[in-house]
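Working notes for the structure below.
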Amino acid sequence: TPIGNLADITLRALHVLQLCDTIACEDTRHTQQLLRAYGIDKSSHQLLAVHQHNESEAAQGVVSLLQQQRRVAYVSDAGTPGISDPGARLAAAVHAAGLRVLPLPGASSVTTLLSASAIGATNDETAGFVFQGFLPAKAGERASAVETLAAEPRAVVLLEAPHRILALAQSLAVLGERSITIGRELTKQFESIAQMPAAEFA
C-alpha cells in the first residue's frame, strides 16, 4: 500500500484487492478508508485484523481460509508487509502449511529513500546496503548497536519514529564525517530529503 501518496498503489494491487475474498490487514479501519479512496467495496466481514499483537494466532485463521480455497490478500497500513511491518510471521505460517505466498511489488520507504541517496555511485566495498530497521530504544543498547554499525562499510538503512529522532541523531554523532541521508514524509506533500555528515544531524 502507498506510504503516503495514494497514487503510488499499483494496478496489480488494485486488481488483487478487488478479487480477493478476504483482506487481512494491520488495521481494519485504516484499510477500509484506503479501499474507499480507490472505490473498492468490501464489507467489514471481509476484513480480518492481523497485526503485531495477534499475528501468530491470526495467521492460523488465514491458513484455514486458504485451505478452503479462499483468496486472501494481506496489507500493512503503509508500505510492504514484513519490512518493519507485520506480515513476516503470516508468510512463515502460510509457507509452513505448504501454501503459496505471492508477493506484489509496491511502495517501500526503504527503496524510496535509497533511490535518492546515491549509494550506488561507487563500485567498491561501500556499494550496496544493509537493512537494520529500528535500533533499540534504550540509550545504552542503541549506542552499542551504533558502535557495531560503524564498522559496516555499506550504507545502513535505519528507521525511526518522529518522537525518537533526536535521540537517534545524538547516537549517530559518533560516526563523525560519515555521510547520512535522511528522508522525512516520503511521497507526501512536505517530503524532505537531506544529506550531511552524521555529526551535523542533531
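The values are calculated or read from the model by the stated rules, or taken from the named source; none is laboratory data. This one's a predicted model, so the numbers in the text were calculated from it and none came from an experiment. When we count neighbours, we look across all protein chains shown, and the Cβ atoms used for this are built from the backbone with ideal geometry, even at glycine. For accessibility, only protein heavy atoms count, side chains too; no ligands or nucleic acids. Shrake-Rupley method; radii C 1.70, N 1.55, O 1.52, S 1.80 Å.
Residues in region 79-93: is at least one assigned to a helix (DSSP H, G or I), open to solvent by 40 Å² or more (accessible area, probe 1.4 Å) and in contact with a strand residue (DSSP E or B) (Cβ under 8 Å, 6 or more places away or on another chain)?
Quick first cut of region 79-93, residues assigned to a helix (DSSP H, G or I) only: 88-93.
Now narrow it down to the ones that are open to solvent by 40 Å² or more (accessible area, probe 1.4 Å): 88-89, 92.
Applying the additional criterion that residues be in contact with a strand residue (DSSP E or B) (Cβ under 8 Å, 6 or more places away or on another chain) yields none.
Checked region 79-93: no residue is assigned to a helix (DSSP H, G or I), open to solvent by 40 Å² or more (accessible area, probe 1.4 Å) and in contact with a strand residue (DSSP E or B) (Cβ under 8 Å, 6 or more places away or on another chain).
If you go through region 137-144 one residue at a time, do you hit one that is touching a strand residue (DSSP E or B) at 6+ places or on another chain (Cβ under 6 Å), among the hydrophobic types (A, V, I, L, M, F, W, C) and under 30 Å from PRO2 (Cα atoms)? Step through it out loud before you land on a result.
Initially, region 137-144 is screened for residues touching a strand residue (DSSP E or B) at 6+ places or on another chain (Cβ under 6 Å), giving none.
Checked against the condition, which is being touching a strand residue (DSSP E or B) at 6+ places or on another chain (Cβ under 6 Å), among the hydrophobic types (A, V, I, L, M, F, W, C) and under 30 Å from PRO2 (Cα atoms), region 137-144 yields no hits at all.
Picking from ALA97, ALA137, which residue would you name as being modelled with pLDDT under 95 and over 18 Å from the mean Cα position of the chain (by Cα)?
Details: ALA97 fails: modelled with pLDDT under 95.
Result: ALA137 is the single residue among ALA97, ALA137 that is modelled with pLDDT under 95 and over 18 Å from the mean Cα position of the chain (by Cα).
Can you tell me which residue within region 33-46, out of those that are hydroxyl-bearing (Ser, Thr, Tyr) and closer than 24 Å to GLU57 by Cβ, is least open to solvent (accessible area, probe 1.4 Å)? If you could, list the steps in order and put the result at the bottom.
First pass over region 33-46, keeping only residues hydroxyl-bearing (Ser, Thr, Tyr): 38, 43-44.
Next cut, closer than 24 Å to GLU57 by Cβ only: 43-44.
Working: SER43: 51, SER44: 84 Å².
Per the criteria, the residue is SER43.
Does region 145-163 hold any residues that are part of a helix (DSSP H, G or I), at pLDDT below 95 and surrounded by 14 or more Cβ atoms within 10 Å (Cβ to Cβ), and which are they?
LEU149, ALA150
Criterion first (under 30 Å from PRO153 (Cβ atoms) and of a type in the set (Asp, Glu)) does GLU55 satisfy it?
So GLU55 fails the test.
What is the residue count in region 68-114 for residues that are in contact with a Cys (Cβ under 6 Å, 6 or more places away or on another chain) and of a type in the set (D, E, K, R)?
Qualifying residue count, region 68-114: 1.
From the list HIS51, HIS30, exactly one residue is part of a helix (DSSP H, G or I) and open to solvent by 50 Å² or more (accessible area, probe 1.4 Å). Which is it?
Details: HIS51 fails: part of a helix (DSSP H, G or I).
Sole residue among the options that is part of a helix (DSSP H, G or I) and open to solvent by 50 Å² or more (accessible area, probe 1.4 Å): HIS30.
Within region 112-133, is even one residue surrounded by 12 or more Cβ atoms within 10 Å (Cβ to Cβ), at pLDDT 95 or above and hydroxyl-bearing (Ser, Thr, Tyr)?
No, that holds for no residue.
Given the condition without any contact (Cβ under 8 Å) to a residue 12 or more places away in the chain, of a type in the set (A, V, I, L, M, F, W, C), over 27 Å from GLN132 (Cβ atoms) and open to solvent by 40 Å² or more (accessible area, probe 1.4 Å), answer yes or no: does some residue in region 15-27 qualify? Talk me through it step by step, then tell me what you get.
Here is the first cut: in region 15-27, the ones without any contact (Cβ under 8 Å) to a residue 12 or more places away in the chain are 15.
Retained after the next criterion (residues that are of a type in the set (A, V, I, L, M, F, W, C)): none.
No, region 15-27 contains no residue that is without any contact (Cβ under 8 Å) to a residue 12 or more places away in the chain, of a type in the set (A, V, I, L, M, F, W, C), over 27 Å from GLN132 (Cβ atoms) and open to solvent by 40 Å² or more (accessible area, probe 1.4 Å).
Please work out which residue is farthest from LEU17 (Cα to Cα), limiting yourself to region 98-110 and to residues that are open to solvent by 30 Å² or more (accessible area, probe 1.4 Å) and touching a Ser or Thr at 6+ places or on another chain (Cβ under 9 Å).
Within region 98-110, the subset open to solvent by 30 Å² or more (accessible area, probe 1.4 Å) is 98-106, 109.
Subset that is touching a Ser or Thr at 6+ places or on another chain (Cβ under 9 Å): 103-106, 109.
On the way: PRO103: 13, LEU104: 11, PRO105: 14, GLY106: 13, SER109: 21 Å.
Top of the filtered list is SER109.
Have a look at GLY98, GLY39 and point out the one that is without any contact (Cβ under 8 Å) to a residue 24 or more places away in the chain, in a loop (DSSP other than H, G, I, E, B), out of contact with any helix residue (DSSP H, G or I) (no Cβ under 8 Å at 6 or more places or on another chain) and farther than 28 Å from GLU185 by Cα. Break it down into steps so the answer makes sense when it comes.
Working: GLY39 fails: farther than 28 Å from GLU185 by Cα.
Selected residue: GLY98, the only one of GLY98, GLY39 that is without any contact (Cβ under 8 Å) to a residue 24 or more places away in the chain, in a loop (DSSP other than H, G, I, E, B), out of contact with any helix residue (DSSP H, G or I) (no Cβ under 8 Å at 6 or more places or on another chain) and farther than 28 Å from GLU185 by Cα.
In region 19-39, how many residues are over 11 Å from VAL75 (Cα atoms) and out of contact with any Lys or Arg (no Cβ under 9 Å at 6 or more places or on another chain)?
Matching residues across region 19-39 total 6.
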